[in-house]
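Student: Starting off with a structure, shown below.
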Amino acid sequence: MQSQSGMVEYDCFIGANMELKSCPFCGSENVGKSIHKIHTSDDTQHITYLSGWVGCYECSAGTTIRKYEEVDYRVLENELIESWNRRA
Ligand SMILES: [Zn+2]
């Protein structure tokens, strides 16, 4: 019986950014998104959640969205894209 905290990289979407608009702050097209599935645990509970980030690599403007309920990562991906493009 192990009890340890850890992070597991679930998936990473960096590169396919055709759907992301250029940065509304600095105008750079060097923008991207990534989604990770995070597992944390202690003696009493295990928590798994999705953590997604979308933003600009040039000026570091960005948004993080986390999902603690069971959702497909594509749902989170779409939310990231919409949230970014609303600002652009
Ligand atoms: Zn920027």
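Student: State all residues of the range 35-63 that are touching a strand residue (DSSP E or B) at 6+ places or on another chain (Cβ under 6 Å) and more than 16 Å from the ligand (Cβ to nearest atom); if no residue qualifies, say none.
Tutor: Ile35, His36, Lys37, Ile38, His39, Thr40, Ile47, Thr48, Tyr49, Leu50, Ser51, Gly52
Student: Applying the selection to the range 30-88, what residues are of a type in the set (Val, Ile, Thr), closer than 14 Å to Glu19 by Cα and part of a strand (DSSP E or B)?
Tutor: Val31, Val54
Student: Taking only pairs six or more apart or across chains, which ones have beta-carbon atoms under 9 Å, a first residue in the range 34-59 that is basic (Lys, Arg), and a second residue that is part of a strand (DSSP E or B)?
Tutor: From residues that are basic (Lys, Arg), the pairs are Lys37/Thr48; Lys37/Tyr49; Lys37/Leu50; Lys37/Ser51.
Student: Of the residues that sit in the range 6-21 and are of a type outside the set (A, V, I, L, M, F, W, C) and surrounded by 14 or more Cβ atoms within 10 Å (Cβ to Cβ), which one is modelled with the lowest pLDDT?
Tutor: Tyr10
Student: On the basis of being among the hydroxyl-bearing types (Ser, Thr, Tyr) and at pLDDT 85 or above, does Ser3 make the cut?
Tutor: Answer is no for this residue.
Student: Which residues, taken from the range 29-82, are in contact with a Ser or Thr (Cβ under 7 Å, 6 or more places away or on another chain), buried (at least 16 other Cβ atoms within 10 Å of the Cβ) and of a type in the set (Ser, Thr, Tyr)?
Tutor: Ser51
The values are calculated or read from the model by the stated rules, or taken from the named source; none is laboratory data. Bear in mind that the values here come from a model prediction, so they are computed numbers and not experimental data. Note: ideal-geometry Cβ built from the backbone for every residue, glycine included; neighbour counts use all protein chains shown.
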